[in-house]
Amino acid sequence: LDDLLAEGVTGRRVLVRADLNVPLDGETITDDGRVRASLPTITRLAEAGARVVVAAHLGRPKGTPEAKYSLAPVAARLGELLGREVALATDVVGESAKATVAGLADGGVALLENVRFDARETSKDAAERDALATEFAALADAFVSDGFGVVHRKQASVYEVAAKLPAYAGGLVLAEVEVLRTLTGDPARPYVVVLGGSKVSDKLAVIESLLPKVDAILVGGGMCFTFLAAEGLGVGDSLLEAEMINTCKRLLAEHPEKILLPADVVIADAFSADANTHTVLAANIREGWKGLDIGPITVERYREVIAGAGTVFWNGPMGVFELAPFAEGTRGVAEAIVAADAFSVVGGGDSAAAVRLLGLPEDGFSHISTGGGASLEFLEGKDLPGVSTLEG
Ligand code: 3PG
């Protein structure tokens with residue numbers, strides 16, 4: 001971005017790929033962290049006189065427009081935060097997009113409609129993605145990749161377009177990559193990873209690749225029940241991915257001292273804020289009940305490990321924190337990270353949202369990443385197409 005600004009951008013159309021994939025309740029944005037994280041790059045370009053064209057996705061529409069995935073609420077919020085109107089095109093690269101871009105004044109900002117309304121964005125066929133990228137490129141004179149949360153996706157607005165325009169890394173992508181490189185380099189020891197979230201299948205690859213490099217992995221969230229089942233415990237109606245049990249068993253056998261599992265859990269008779277609940281030992285989960293949070297003994301145990309850490313990476317909530325009876329595990333672990341004298345990185349949409357929704361101090365963490373899957377794939381050592389295309 002500095003290079004682009006040094007070249008001068010006045011009057012130039014700059015396409016910025018941002019990650020504005022925010023959680024919505026109807027049309028209300030429940031956490032605008034990703035919108036706020038996109039502001040510095042957009043502001044710097046606009047203040048330098050560029051005509052800023054922002055491209056972003058929302059959710060996973062199936063390649064056709066769907067009102068519930070419109071970026072309209074995001075355009076409104078972006079406009080509020082920027083203190084200027086953000087024109088929203090009603091299509092991705094069609095007549096509305098062309099007219100909206102043509103109507104931009106120097107320093108103006110426009111947002112294209114959800115790029116995933118065009119099936120070519122996520123197509124498995126590279127030629128289709130390439131064709132869409134050509135249409136994106138026709139809307140701009142330069143490209144800035146600033147959507148760190150989406151750089152792990154080989155998609156037209158992330159990857160192919162970068163080869164069709166002079167392409168630059170935005171400040172957010174640079175900052176994220178720099179912080180995550182600290183973790184893959186020589187992190188201060190002990191290096192403790194806290195992993196939660198619902199699906200263990202999403203996390204096994206990162207667990208597998210992190211185990212040799214870290215000192216401890218503290219497991220919570222829905223994914224812990226497959227691990228508990230691998231230990232031979234009954235998990236009632238808790239989330240369980242039976243086909244993953246054997247992999248969990250192998251990981252536990254290979255690294256018994258590194259993987260920590262909950263000693264107690266909060267169980268409920270329904271997935272609801274007014275369900276009946278009990279806190280029980282992990283060995284005593286009742287038939288017909290589901291575990292929705294880690295319990296206080298576990299929080300205390302995890303707190304002790306976190307307190308002694310030199311580096312902490314946290315991805316995924318410890319329970320269903322959106323519902324008050326199941327928020328204490330996530331809150332307790334997050335507070336322990338804030339209190340620890342460690343270099344701490346929060347990775348992931350859900351855990352970053354949890355920090356803000358639970359009212360925890362954002363400056364209590366060294367870095368809150370905007371990338372969920374992207375930060376995990378970075379730590380796994382995978383190639384991130386949206387980054388490597390800029391390095392090539
Ligand atoms: C995310 O929410 O992690 C990013 O916005 C990427 O979204 P995706 O997983 O739908 O590609």
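No value in this document is a laboratory result; all are computed from the given coordinates. Predicted model, so just to flag it, every value in this text is computed and none were measured. Using ideal geometry, Cβ is built from the backbone for each residue, glycine included, and neighbour counts are taken over all protein chains shown.
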DSSP-defined antiparallel bridges as percent of all bridges, the chain, nearest 5: 25
For helix 126-138, what angle does its Cα long axis make with the longest principal axis of the chain, in degrees from 0 to 90 and rounded to 10? 50
Could you tell me which residue out of V206, L358, L261 lies farthest along the dipole of the chain toward its positive end? Charges go on the beta carbon: Lys and Arg +1, Asp and Glu -1, centred on the Cα centre. V206
Suppose R0 equals 41 Å. What FRET efficiency, 1/(1 + (r/R0)^6) with r the Cβ-Cβ distance, do R189 and T30 give to the nearest 0.05? 0.65
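Determine the dipole magnitude for the chain: charges of +1 sit on the beta-carbon of Lys and Arg, -1 on that of Asp and Glu, nothing else is charged, the reference point is the Cα centre, and the result goes in debye to the nearest 20.
In total the dipole reaches around 380 debye.
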From zero up to wherever the largest Cα-Cα distance of the chain sits, split into 20 Å bins and tell me the percent of pairs in each. 28, 52, 20, 0
HN-Hα couplings for segment 149-154 via Karplus (6.51, -1.76, 1.60; θ = phi - 60°), in whole Hz with x for Gly/Pro, come out as x, 10, 5, 7, 9, 8
Using the Cα gyration tensor of segment 186-380, with a ≥ b ≥ c the square roots of its eigenvalues, what is the shape: rounded (a/c below 1.5), prolate (a/b larger than b/c) or oblate (neither)? oblate
At what distance in nm do the modelled label points of I297 and T64 sit from each other, each positioned 7 Å from its Cα along Cα→Cβ? 5.4
Phi-derived 3J(HN,Hα) across segment 48-62 with the Karplus relation (6.51, -1.76, 1.60, θ = phi - 60°), rounded Hz, x for Gly and Pro, is 8, x, 6, 9, 8, 10, 9, 10, 7, 10, 9, x, 10, x, 8
Please tell me the relative contact order of segment 85-228 in percent, rounded to the nearest whole number, where contacts are Cα pairs under 8 Å and at least six residues apart. 16
With springs only between Cα atoms under 10 Å, which of A242, A188, A336 fluctuates most in a Gaussian network model of the chain? A242
Note: D269 to A76 extended length (0.36 nm per residue) minus current alpha-carbon separation gives 65.5 nm
Taking 0.36 nm per intervening residue step and subtracting the Cα-Cα distance, what contour gain separates T134 from D2 on full extension? 45.0 nm
Does anyone have the angle between helix 245-254 and the longest principal axis of the chain? Alpha-carbon axes, 0 to 90°, nearest 10? 70
Extension gain D383-T43, at 0.36 nm per residue separation less the Cα-Cα distance, in nm? 119.5 nm
So, with +1 on the Cβ of K and R and -1 on the Cβ of D and E, and no other charges, what is the size of the charge dipole of segment 2-175 about its Cα centre, to the nearest 20 debye? 240
Given the rule -39500 (n - 2.57) for each run of at least 4 DSSP H residues, summed and divided by the residues of the chain, what is its mean residue ellipticity at 222 nm, to the nearest 500 deg cm²/dmol? -10000 deg cm²/dmol
So for the chain, averaging the separation of alpha carbon pairs under 8 Å that are six or more residues apart and normalising by length, what relative contact order in percent results? 15
Per Stokes-Einstein, at 37 °C and 0.692 mPa s, what whole-number D in µm² s⁻¹ belongs to segment 152-260, with the Kirkwood radius over Cα pairs as the hydrodynamic radius? 202
Exposed-loop cut sites defined as trypsin sites (Lys or Arg not before Pro) in DSSP loop states with at most 10 other Cβ within 10 angstrom; longest site-free run of the chain spans 125-392
Need one word for segment 2-175: rounded, prolate or oblate. Basis is the Cα gyration tensor (sqrt eigenvalues a ≥ b ≥ c); a/c below 1.5 gives rounded, then a/b vs b/c decides. rounded
Taking a ≥ b ≥ c as the square roots of the eigenvalues of the Cα gyration tensor, with a/c under 1.5 meaning rounded and otherwise prolate when a/b exceeds b/c and oblate if not, segment 31-106 is oblate
Measure off 7 Å from each Cα along the Cα-to-Cβ vector at E208 and D141, then give the distance between these two points in nanometres to one decimal. 4.8
